[in-house]
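Written below as structure tokens is the structure these notes are about.
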Amino acid sequence: MKPAYPAREFILRVLYFCLGTAVCALGCSAFVLSGIGTDPFSMLMQGVARTAHISNGTAHIAINFTLLVLYFFIDRKYIRAGTFAALFITGPMIDAASRLLRGVIHEGLPFPVRVVIVLASCALIALGLSASINASVGVGANDSLAILLSDKLHLQFRWMRVAVDLTFVVSGFLLGGVIGVGTVITALLTGPIVQFFMPGTARLLYSILRRLTPQTESA
């Protein structure tokens, strides 16, 4: 197990995680508003929101809180600072981004324009996710689910991620979520784009840490 980060470095990593989460929320909101499908978890979030007549942000909190309770009883090691941070800040960020973008992004836009918006949203989600992962303070409860299942069932993570994503898609569809071109786009592109951004967001983080915490060694 890695040693705990010094207090100042830990705070900077949490802030970096929050920045990445904000970028993800912006991309997620644009994705949903485009009306041509969403990423698997956003599809579930949208379905819960429509069924329960609540905002997407509130649905995000409700789903992740349910998963957090599950982790508490199964294995608490999957609950870290980033898990709590994602629970409380992602939902409000999604709602705020949706209010900001609603007048600009909507289903009345030409279809090619909405496809471009989805591609840009994919890039934003991947950029934000890569930053959040590189912060190394934990990830959101929804992203931890495949990790937990892989560990407990002793199966490869990639297959657990596929299974979890398919479960999100089917559940979201049954609850009224939108499946479409965007869902296919994110399934094919998000992973590779996250990998593309990982070195850059890691370099940015360690550049910040070197400036503000001189004792931090570069990775």
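Every number in this text was worked out from the coordinates using simple rules, so none of it is lab data. Given the structure is predicted, the values throughout are model-derived calculations rather than measurements. Reconstructed Cβ throughout: ideal geometry from the backbone, glycine too, with neighbour counts over all protein chains shown.
Observations, loosely collected:
- Applying a length cut-off of 24 Å (Cα extent along the axis) and a mean Kyte-Doolittle floor of -1.0 to the DSSP H helices of the chain leaves 7-34, 56-74, 81-101, 111-134, 157-174, 181-212.
- Centre-to-centre separation between the Cα atoms of segment 59-119 and those of segment 122-180: 12 Å.
- Estimated inter-spin distance, residue 81 and residue 155, nm [label 7 Å along Cα→Cβ]: 3.4 nm
- Projected-area average for segment 130-209 over all orientations - Cα convex hull basis, square nanometres: 6.5 nm²
- Listed peptides 13-25, 73-85, 36-48 appear in the order 36-48, 13-25, 73-85 once ranked by packing, highest mean of other Cβ atoms within 10 Å at the front.
- Among 119, 206, 149 - extreme Cα towards positive end, dipole of segment 74-219, charges at beta-carbon: 206
- Over segment 1-64, the fraction of Cα-Cα pairs per 10 Å bin, rounded to whole percents and listed from the shortest bin up, is 19, 39, 22, 17, 4.
- Estimated FRET transfer efficiency when R0 is 25 angstrom, pair residue 166-residue 113 (beta carbons, to 0.05): 0.30
- The simple Förster model, with R0 at 22 Å and r as the Cβ-Cβ distance, assigns residue 181 and residue 106 a FRET efficiency of 0.85.
- Calculated SAXS-style log₁₀ I(q)/I(0) at q = 0.09, 0.13, 0.20, 0.23 Å⁻¹ - segment 1-130, Debye, Cα scatterers: -0.29, -0.58, -1.16, -1.39
- Measuring max minus min along each principal axis, the C-alpha atoms of segment 121-177 give extents of 34, 32, 16 Å (largest first).
- Each Lys and Arg Cβ is given +1 and each Asp and Glu Cβ -1; about its Cα centre, segment 58-202 then shows a dipole of about 120 debye.
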